[in-house]
Amino acid sequence: QVQLVESGGGLVQPGGSLRLSCAASGGIFSIYVMGWYRQAPGKQRELVALITSGRHTNYADSVKGRFTISRDNAKNTVYLQMNSLKPEDTAVYYCNAAYGLEGYWGQGTQVTVSS
């Protein structure tokens, strides 16, 4: 069983930056595909970015060039650096760990982009 704890959310002005962290415990972190998802009010949860065990990355078109996902296997942590934030990035951001048929979610962290 893997436990995921997100942190780093908050209120930021448009154009600002935030870095989200997701600390994992209870599993072999390095083998998991780690992903960040988000869910805005009234919308479905969507993939933001993911990083494989081999550090290959994939991004939603809406965040390409602005967000960067990275992982530190020594710290069992995945990060999401978010720059040039827009109001439409406002959502609850969730961390996900996946390996084969296994999948785990964190509790989410709120990101609000507003002036």
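The values are calculated or read from the model by the stated rules, or taken from the named source; none is laboratory data. These figures come from a predicted structure and were not determined experimentally. Please note: Cβ atoms are built from the backbone with ideal geometry, for glycine as well, and neighbour counts cover all protein chains shown. For accessibility, only protein heavy atoms count, side chains too; no ligands or nucleic acids. Shrake-Rupley method; radii C 1.70, N 1.55, O 1.52, S 1.80 Å.
Close Cβ contacts (under 6 Å, 6 or more residues apart or on different chains) running from residues in the stretch 72-88 that are within 14 Å of Leu4 (Cα to Cα) and of a type in the set (Gly, Ala, Ser) to residues that are open to solvent by 60 Å² or more (accessible area, probe 1.4 Å) and at pLDDT 95 or above are absent. Return a yes/no flag: does the stretch 71-79 have any residue that is surrounded by fewer than 15 Cβ atoms within 10 Å (Cβ to Cβ) and hydrophobic (A, V, I, L, M, F, W, C). Yes, because at least one residue in the stretch 71-79 is surrounded by fewer than 15 Cβ atoms within 10 Å (Cβ to Cβ) and hydrophobic (A, V, I, L, M, F, W, C). Within the stretch 14-30, being surrounded by fewer than 14 Cβ atoms within 10 Å (Cβ to Cβ) and at pLDDT below 95 holds for Ser25, Gly26, Ile28, Ser30. Could you check, for the stretch 88-102, whether at least one of its residues is within 10 Å of the chain's Cα centre (by Cα), open to solvent by less than 50 Å² (accessible area, probe 1.4 Å) and among the small types (Gly, Ala, Ser)? Checking the stretch 88-102: not a single residue is within 10 Å of the chain's Cα centre (by Cα), open to solvent by less than 50 Å² (accessible area, probe 1.4 Å) and among the small types (Gly, Ala, Ser).
Table: residues versus (1) at pLDDT below 95; (2) in a loop (DSSP other than H, G, I, E, B); (3) within 28 Å of Ser25 (Cβ to Cβ).
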{"position": "Lys75", "(1), (2), (3)": "no, yes, yes"}
{"position": "Leu80", "(1), (2), (3)": "no, no, yes"}
{"position": "Ser84", "(1), (2), (3)": "no, yes, no"}
{"position": "Glu88", "(1), (2), (3)": "no, no, no"}
{"position": "Val92", "(1), (2), (3)": "no, no, yes"}
{"position": "Cys95", "(1), (2), (3)": "no, no, yes"}
{"position": "Gln107", "(1), (2), (3)": "no, yes, yes"}
{"position": "Val111", "(1), (2), (3)": "no, no, yes"}
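The residue pairs whose first member lies in the stretch 103-115 and is free of Cβ contacts under 8 Å to residues at least 60 places away in the same chain, whose second member is surrounded by 13 or more Cβ atoms within 10 Å (Cβ to Cβ), and whose beta carbons are closer than 8 Å, counting only pairs six or more residues apart or on different chains, are Gly103/Asn96; Gly103/Ala97.
Restricting attention to the stretch 31-45, and to residues there that are aromatic (Phe, Trp, Tyr) and assigned to a strand (DSSP E or B), which single residue is surrounded by the most Cβ atoms within 10 Å (Cβ to Cβ)?
Applying the first criterion (aromatic (Phe, Trp, Tyr)) to the stretch 31-45 yields 32, 36-37.
Filter once more, so that each one left must be assigned to a strand (DSSP E or B): 36-37.
Values: Trp36: 26, Tyr37: 21.
Taking the candidates together, the pick is Trp36.
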